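Read the structure below first, then the notes.
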Amino acid sequence: MDRTLKALSLILSYPTGELQHAMPEIRAVLASDTRLTAAARRGLRPLVEELEGRDIYDLEEQYVMLFDRSRTLSLNLFEHVHGESRDRGGAMVSLVETYRAGGFDPVTSELPDHLPVLLEFLATRSQTEAQETLADAAHIFEVLVTRLARRESPYGAVFAALTQLAAVRVDSDAVADMLAEPDDDPTDLDALDKVWEESEVLFGPDPNAGCPQVRDMLARMDTPINPAAAPHAAE
């Protein structure tokens with residue numbers, strides 16, 4: 001089990017009292033991982049301290065405003081690749097099959113491309129496989145670092161850490177293209193409602209359709225193993 005990926009999965013999940021109680025252990029895991037630079041480990045401290053000591057209701061509200069109401073900060077990775085198209089649905093069907101082939105059956109209401117779920121799965125894989133999968137999404141992580149910095153959110157440090165764990169040179173052109181898209185405003189509820197009404201996830205039968213980056217991500221996760229028990233995985 002890669003304890004750092006598991007820790008990052010947890011702190012990107014919806015805040016709970018249980019998560020707050022686990023923060024001392026999570027802090028120790030992140031502080032001891034030498035794959036992260038000292039600057040990256042320091043960068044994670046404000047978020048860890050906030051998750052541990054801030055009022056839980058404030059944490060919940062902040063999380064919803066960032067990740068649930070803002071599509072440009074979505075934690076559903078495939079949405080950043082091809083929105084709500086049928087291609088995304090096919091990729092998610094394939095991802096679920098990959099999870100199950102690896103003995104991982106997520107018990108959650110989240111979509112399979114939800115980043116905390118993917119990180120929990122990758123925590124059970126080899127370091128090489130996890131690194132290669134993270135590398136496929138590194139440009140998305142870099143974009144989220146920038147967008148979260150604009151909002152002065154400590155969550156950006158998590159995506160900076162994931163970029164380091166990917167150990168790959170980020171495609172600057174892909175980052176620039178994504179950042180050229182207008183960022184949404186989570187306080188403009190009327191505009192957000194209109195965006196959500198116009199989109200629908202369509203699950204198609206072809207998991208090989210769509211973006212090659214998604215196909216590459218799925219192709220790297222094809223070696224079944226038996227993961228350790230985890231909160232989101234059925235035993």
- Message: I need the full set of residues from segment 108-117 which are without any contact (Cβ under 8 Å) to a residue 60 or more places away in the chain and either buried (at least 22 other Cβ atoms within 10 Å of the Cβ) or in contact with a Leu (Cβ under 8 Å, 6 or more places away or on another chain) (or both), in order please.
- Response: P112, D113, H114
- Note on the structure: Scanning segment 1-18 residue by residue, those under 17 Å from the mean Cα position of the chain (by Cα) and part of a helix (DSSP H, G or I) turn out to be R3, T4, L5, K6, A7, L8, S9, L10, I11
- Item | Selection count where residues are surrounded by fewer than 19 Cβ atoms within 10 Å (Cβ to Cβ), outside any helix (DSSP H, G or I) and touching a residue at least 12 places away in the same chain (Cβ under 8 Å), scope segment 34-47 | 2
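Conditions (1) assigned to a loop (DSSP other than H, G, I, E, B); (2) in contact (Cβ under 8 Å) with a residue 12 or more places away in the chain; (3) surrounded by fewer than 22 Cβ atoms within 10 Å (Cβ to Cβ); (4) in contact with a helix residue (DSSP H, G or I) (Cβ under 9 Å, 6 or more places away or on another chain), marked per residue:
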| position | (1), (2), (3), (4) |
| --- | --- |
| E129 | no, yes, yes, yes |
| T146 | no, yes, yes, yes |
| V158 | no, yes, no, yes |
| A161 | no, yes, no, yes |
| V168 | yes, yes, yes, yes |
| E181 | yes, yes, yes, yes |
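Values in this text are rule-based calculations from the coordinates and carry no lab data. Remember, it's a predicted structure, so these values are computed and weren't measured experimentally. As a convention, Cβ positions derive from the backbone with ideal geometry for all residues, glycine included, and neighbour counts pool all protein chains shown.
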